[in-house]
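Values in this text are rule-based calculations from the coordinates and carry no lab data. These figures come from a predicted structure and were not determined experimentally. Here Cβ is always computed from backbone atoms with ideal geometry, including for glycine, and neighbour counts include all displayed protein chains.
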Amino acid sequence: MQGSGGALKPAAGMVAHGVPDRRPRKTHLGSGIRFAMKLIRFGDPGAERPGLLLMDGVRVAAPDFCADYDEQFFASGGVDRLAAWAAGDLSEAEKVPVGVRWGAPVARPSKIVCVGLNYRAHALETGAAIPGEPVLFMKASSAWSGPYDEVWMPPGSCKLDWEVELAVVIGTAMRRVPEAEALHYVAGYGVMNDYSERSWQKERGGQWSKGKSGDTFAPFGPWLATPDEIGGPGNLALGLKLNGEVKQDSNTSDLIFAVPHVLSYISHFMTLLPGDVVSTGTPSGVGAGHRPELYLKVGDVVEATVAGLGTQRQQVVPTPGT
Ligand code: ZN
């Protein structure tokens, strides 16, 4: 999906004289001129480097002033510095070889705040009441994972489930922010699969966090799209396939509590720091909603997509060393 059109914007991928334009698109949304960018990270787990995904699908390394896409980067205006760099000639930028692993496009956040039961049909399929206020829970940030990494079935797991979600990365610290201003605090958007071990989530007592926090349970990416890339979070198709079969198929316009409301709401209970992640909830079609219930097994392949934000893909494997 492309951002909103406009005469001032060059046609996607081309400049006036017909030479492919490899730079991010210049857009005129909001108050100023900004560059729509797709931020990526690449390299081995724990040693990722920041980069950009260009319009021709080539990945390039970010310049040296970008140490990583983390709290410090977002808090210090790193996105604007990166955009200024990306507006220039990138022909000399370091290209990332095709085979190099895609990391999550932002560094492991200080926290992952999730919204539960935020699509009506999903709330109903789980047997829950439609919530009167956003249902919040925390997912351990140690679950953070790359978009194509394997997902680890924990020892003893019997109800591993999937949840495609639109996730928001915070750009500016949010404390008690009004709903009307909430989107100004967003750095960008990406795809997340909120993997969930249902028996640990619901049958072991206490809060949901037990079933939400296993290693690899929060794959994010493949890229972080700046807001100009998608033209707003309120009308994005999202879906999920299991072994090629469609299991979830919805749109963020069906959210009970829309993104601005959710961000504002959370910011009244805790400070959302730059680089933090808010995952906005999953639509119907999870395994727990199937009759009979359907859960993941080793070898299954899960693909999660949000329009404009790409498709991530994981294969289920036993947790290494167990
Ligand atoms: Zn979820």
Size of the dipole of the range 112-318 about the Cα centre, Lys and Arg at +1 and Asp and Glu at -1 on the beta carbon, nothing else charged, in debye to 20?
480 debye
How much length would be gained if the chain were fully extended between Q315 and K202, taking 0.36 nm per residue of separation minus their Cα-Cα distance, in nm to one decimal?
38.3 nm
Under 11 Å by backbone N from the virtual spin label 7 Å along Cα-to-Cβ at L136, the residues of the range 163-207 are 175-177
HN-Hα couplings for the range 286-291 via Karplus (6.51, -1.76, 1.60; θ = phi - 60°), in whole Hz with x for Gly/Pro, come out as 6, x, 5, x, 6, 10
Using alpha-carbon positions, the gyration tensor of the chain gives root eigenvalues a ≥ b ≥ c; with a/c under 1.5 called rounded, otherwise prolate if a/b exceeds b/c, else oblate, the class is prolate
Taking θ as phi - 60°, what are the ³J(HN,Hα) couplings along the range 263-270 by the Karplus curve (6.51, -1.76, 1.60), each to the nearest whole Hz, with x for Gly and Pro?
5, 4, 4, 4, 5, 8, 10, 7
Want the number for S110 to R291: 0.36 nm per residue separation, take away the alpha-carbon distance, what's left?
61.5 nm
Sort the range 90-131 into rounded, prolate or oblate with this rule: let a ≥ b ≥ c be the square roots of the eigenvalues of the Cα gyration tensor; rounded if a/c is under 1.5, and if a/c is not under 1.5, prolate when a/b is larger than b/c, oblate otherwise.
prolate
Taking the number of other C-beta atoms within 10 Å as the exposure measure, put Y119, Y185, Y265, Y69 in order starting with the fewest.
Y265, Y185, Y119, Y69
Residue list for the range 264-278, given a label point 7 angstrom along the Cα-to-Cβ vector of A128 and an amide N cut-off under 16 Å
266
Okay, helix-only estimate at 222 nm for the chain: each DSSP H run of n ≥ 4 adds -39500 (n - 2.57), divide by all residues, round to 500 deg cm²/dmol; what do you get?
-3000 deg cm²/dmol
